[in-house]
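Here the structure comes first, spelled out in structure tokens, and everything after it is commentary.
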Amino acid sequence: MGNRVKGKSRRARAIALGIALLLTVTFPLSLFPFSPVTLATLHDSAAVSTATREGRLAVFDDAWSRINERYYDRTFHGLDWEAERTAFRTLAAEANSSDELYAVLRRMIAPLDDPHTRVFAPEEEFDWWRPRFVSIGVSIAEVEGLPTVVQVERGSAPQRAGVRSGDVIETVNGQAAMSLLNERLANSATHPSASARFRTFAKLLDGPPESAVEVSWKGRDGKLKSARFDRHWQQRELSVRIRREHGEYAVIEIDAFTKPIAADFARALQEKLRSARGIVIDLRGNGGGDAEAMTDIASTFLGPGLSLGQFTDREGASLTITTHARSLSTPDLIAQTKLPLVVLTSERTSSASEIFVEALRIARRATIIGTQTCGCVLAVRTRHVLPDGGLLDVSELDYETALGSRLEGHGLTPDETVVNARGDLYSGRDRAMESAIKQLASLGSPAHH
């Protein structure tokens, strides 16, 4: 079953020693894992002020050069990278603030259509292990072609104002939401991919922290409401949650692949799976994570010695990742289970979670239900600190599955596509979960684990 890896060449072993400790498969959306860089280190490294023209150019030139030297695709997907420098360097020099400078950098990077390559200004102080983001307290996605609220934070201002999952955003700061979205999509330097379209909808209400946005929305009754909401920093705690559905099926929701989550997963597994007839692994909100942590969890379902594919840099050096018998997150042997599996996916399923899903598919170990995944499967070796203390991430490694296919820009099509409607959001119905339980129930007697 699958492609078993019998050994590595001497060259591959050397590559593994050089890459494995730094390899991190990253989140393309709101959450991003990296090799550790402490905030103290970032502040200590900031020697340049972007208040000066010279400082802004130093930051711009460093970012452009780093991407030029390290980007995994020497052709930059056909983008003229030298021309990008010419087009944006003057704009960077003339920026009136750090915010404007980083907006220029993001515009320069945008045509790569690569959510792994991105910049963070110093004040954003992004710490992946405790990710934070700016939000008014709602999440937006495209549902039935419209910008739709899919989640409302409990206790948030929008919830108090009556915003509910299923409501459609009509205007943002007085501008029609669909016109704003279409304008942003039209301004894309390349034809926007499905993942780029998803990100555009998700970022509809984005803006600087402590700023406000005027929003109007249409509820289930068709009535139009409006309110002004402040944007604030919010913290998210990553975790794994295991519950029972209908008493017989274990539902495992994994927010991300981190070593603490892999360790928690291993500790909870045996107790939570006792007498279970099958497992649903919900990755619909999983944007990726640490490759070793992902491999630990994959090893639980696939057993040791199975290739999960390989990463390759621009020089052709590659690293194959394989499942294993002993955990890389804990000192323990990895418990195995042969219980039937169903995996739930969405547009937010990306990076390491896409590798995980594809490995289960290749091994014919699980049924995949949901919607197309992100198609965002590259890797960042380490974070780069810019001269002002900002952060730059560069996609240095491409990925191919064990069968030699690329997922970047393509994603994974589920075995069964299930799309929630607006009415489902209002009623709280989860059609994909219903299909998963139905699939497991149809398999009959449970397998031993």
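Structural remarks
- Per this entry, A379 is not counted among residues that are buried (at least 24 other Cβ atoms within 10 Å of the Cβ), touching a strand residue (DSSP E or B) at 6+ places or on another chain (Cβ under 6 Å) and at pLDDT 95 or above.
- Of everything listed in (1) within 17 Å of the chain's Cα centre (by Cα); (2) among the charged types (D, E, K, R); (3) farther than 27 Å from R53 by Cα, the single unmet condition for E144 is (1).
- From the options R228, R277, R244, residue that is basic (K, R) and surrounded by 14 or more Cβ atoms within 10 Å (Cβ to Cβ): R277
- The listed residue being in a helix (DSSP H, G or I) and acidic (D, E), out of E347, E271: E271
- Cβ-Cβ contacts under 8 Å between residues 6 or more apart (or on different chains), taken from a first residue in the stretch 87-108 that is not in a helix (DSSP H, G or I) to a second residue that is not basic (K, R), are listed as A95/T50; A95/L101; A95/A103; A95/V104; S97/T50.
- Whichever residue in the stretch 185-205 is of a type outside the set (A, V, I, L, M) and buried (at least 16 other Cβ atoms within 10 Å of the Cβ) and, among such residues, is modelled with the lowest pLDDT: P192
- Taking (1) crowded, with 16+ Cβ neighbours inside 10 Å; (2) more than 17 Å from D114 (Cβ to Cβ); (3) in contact with a Lys or Arg (Cβ under 6 Å, 6 or more places away or on another chain) in turn, Y426 satisfies each apart from (1).
- Residues that are surrounded by fewer than 16 Cβ atoms within 10 Å (Cβ to Cβ) and touching a residue at least 24 places away in the same chain (Cβ under 8 Å), drawn from the stretch 165-177: N173, G174
- Residues satisfying the stated conditions in the stretch 222-245, i.e. part of a loop (DSSP other than H, G, I, E, B) and in contact with a Lys or Arg (Cβ under 9 Å, 6 or more places away or on another chain): R236, E237, L238
- Restricting the stretch 357-376 to residues that are in contact (Cβ under 8 Å) with a residue 60 or more places away in the chain and assigned to a strand (DSSP E or B), the residue that is surrounded by the fewest Cβ atoms within 10 Å (Cβ to Cβ) is T367.
- Just so you know, in the stretch 137-164 the residues that are touching a residue at least 60 places away in the same chain (Cβ under 8 Å) and small (G, A, S) include one that is surrounded by the fewest Cβ atoms within 10 Å (Cβ to Cβ), and it is G162.
- Some residue of the stretch 301-312 being assigned to a loop (DSSP other than H, G, I, E, B) and within 29 Å of E248 (Cα to Cα): yes
- Residue match in the stretch 402-423 (condition: under 28 Å from V163 (Cα atoms) and either free of Cβ contacts under 8 Å to residues at least 24 places away in the same chain or in a helix (DSSP H, G or I) (or both)): yes
- Listed conditions (1) touching a helix residue (DSSP H, G or I) at 6+ places or on another chain (Cβ under 6 Å); (2) among the aliphatic types (A, V, I, L, M); (3) modelled with pLDDT of 95 or more are all met by V48, apart from (3).
- Condition met for S329 (assigned to a loop (DSSP other than H, G, I, E, B), at pLDDT below 90, surrounded by fewer than 20 Cβ atoms within 10 Å (Cβ to Cβ) and more than 17 Å from the chain's Cα centre (by Cα)): no
So that you can scan it fast, the table gives a plain yes or no per residue for (1) at pLDDT below 95; (2) within 20 Å of R277 (Cβ to Cβ):
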site: K218; (1), (2): no, no
site: L224; (1), (2): no, no
site: Q235; (1), (2): yes, no
site: S239; (1), (2): yes, no
site: E245; (1), (2): yes, yes
site: E248; (1), (2): yes, yes
site: A256; (1), (2): yes, no
site: I261; (1), (2): yes, no
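- The C-beta contact set for the stretch 260-275 (first residue free of Cβ contacts under 8 Å to residues at least 40 places away in the same chain and closer than 14 Å to R241 by Cβ, second residue part of a helix (DSSP H, G or I) and of a type in the set (A, V, I, L, M), distance under 8 angstrom, 6+ apart or interchain) comprises I261/A293; F265/I297.
- Applying the criterion of being of a type in the set (D, E, K, R) and modelled with pLDDT under 90 to the residues of the stretch 115-136, the residue that is surrounded by the most Cβ atoms within 10 Å (Cβ to Cβ) is R132.
The values are calculated or read from the model by the stated rules, or taken from the named source; none is laboratory data. Owing to the predicted nature of the structure, the values given are computational and were not obtained by experimental measurement. Don't worry about glycine lacking a Cβ; one is built from the backbone with ideal geometry, like all the others, and counts go over all protein chains shown.
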